[in-house]
Amino acid sequence: MIQEYPNTMREFFQMFPDEKACLNYLIDIRWPTGFLCPMCNLASQPWFKSRNRLACPLCRHQVTMTANTIFEKTRTPLMTWFEVAWLVTTAKNGLSVKTLERTIGTSYHVAWMMLQRFRVAMVNSERTKLTGTVEVDETFLGGEEHGGKTRSRCRQGHRCDCH
């Protein structure tokens, strides 16, 4: 059974203490009703092979657990990928490559590649414009006006030009 994603870093490390826990979570997400072989389309209990591969006991087809995911063809451990996913989704003001590089202790190139894969995966190309009531946490609309009068808060707490 898949549980909610952790809310705190402590919960994250309790939920994903090692690579095996990450692999089991990935299997539960990819095949929530049980393994279905992509070759023969039959449900079965797969054999666990080396290098994160599953083998169908019926047709002997092998598939990596990371196939067709953003983790495919990477040597970075899943635990690191999951940690970056947590950091990306909980960073209030976004996450820069340099910050990620320092946080997970990897090279700039690896940090950039990971962030890029997450950014591409998070985009819904078929999205529509927001409609109705839209709630935002914080936002700034417009920009700084150049050459104009500086506006500040008046004694009543309103933004105006009264002083």
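On a full-extension model of 0.36 nm per residue, what is the gain between F140 and A121, subtracting their alpha-carbon distance, rounded to one decimal in nm?
4.2 nm
In the chain, carbon and sulfur make up what percent of the accessible area (probe 1.4 Å)?
Using a 1.4 Å probe with all protein chains present, the chain comes out at 51 percent carbon and sulfur.
Report the calculated FRET efficiency for F13 and T131 (r = Cβ-Cβ distance, R0 = 45 Å), to the nearest 0.05.
Taking R0 as 45 Å, the efficiency between F13 and T131 is 0.70.
Excluding residues on the same chain fewer than 8 positions from K49, give the lysines whose Cα lies under 29 Å from its Cα.
Once the sequence-local lysines are set aside, what remains near K49 is K20, K73.
Give the accessible surface of the chain per residue, rounded to a whole number of Å², with probe radius 1.4 Å and ligands, DNA and RNA excluded.
Ligands and nucleic acids excluded, the figure is 77 Å² per residue.
When only DSSP loop residues count, what GluC sites (Glu not before Pro) in the range 1-38 have their Cβ near at most 12 other Cβ atoms within 10 Å?
For GluC sites (Glu not before Pro) across the range 1-38 that sit outside H, G, I, E and B with at most 12 neighbouring Cβ atoms in 10 Å, the list reads E4.
Which whole-Hz ³J(HN,Hα) couplings does the range 74-83 yield from phi under the Karplus relation 6.51 cos²θ - 1.76 cosθ + 1.60, θ = phi - 60°, glycine and proline marked x?
Listing the rounded values in order: 10, 9, 6, x, 4, 4, 5, 4, 5, 4 Hz.
Would you mind calculating the gained length between I27 and A67 on full extension (0.36 nm times residue separation, minus the Cα-Cα distance), in nm to one decimal?
13.3 nm
Could I have the simple spin-label model distance between R60 and T89, label points 7 Å from Cα toward Cβ, reported in nm to one decimal?
3.9 nm
Suppose each label sits 7 Å from its Cα in the direction of the beta carbon; what would the K49-W112 distance come out to in nanometres?
According to this spin-label approximation, the distance is 3.5 nm.
For F16, what residues show an amide H to amide H distance below 5 Å, using hydrogens built from the backbone and excluding near sequence neighbours?
Those lying under 5 Å, H to H, from F16: there are none.
What list of ³J(HN,Hα) values in whole Hz, one per residue of the range 41-52 in order, does the Karplus curve 6.51 cos²θ - 1.76 cosθ + 1.60 (θ = phi - 60°) give from phi, with Gly and Pro shown as x?
6, 10, 7, 7, 8, x, 8, 8, 10, 6, 6, 6
When the Cα centres of the range 63-85 and the range 21-51 are compared, how far apart do they sit, in Å?
Measuring centre to centre over Cα atoms gives 15 Å.
The values are calculated or read from the model by the stated rules, or taken from the named source; none is laboratory data. Keep in mind that this is a model prediction, so the values were computed, not measured. Neighbour counts are summed over all protein chains in view; Cβ atoms, including those assigned to glycine, are modelled from backbone coordinates with ideal geometry. Only protein heavy atoms, including side chains, enter the accessible area calculation; ligands, DNA and RNA are left aside. Shrake-Rupley method; radii C 1.70, N 1.55, O 1.52, S 1.80 Å.
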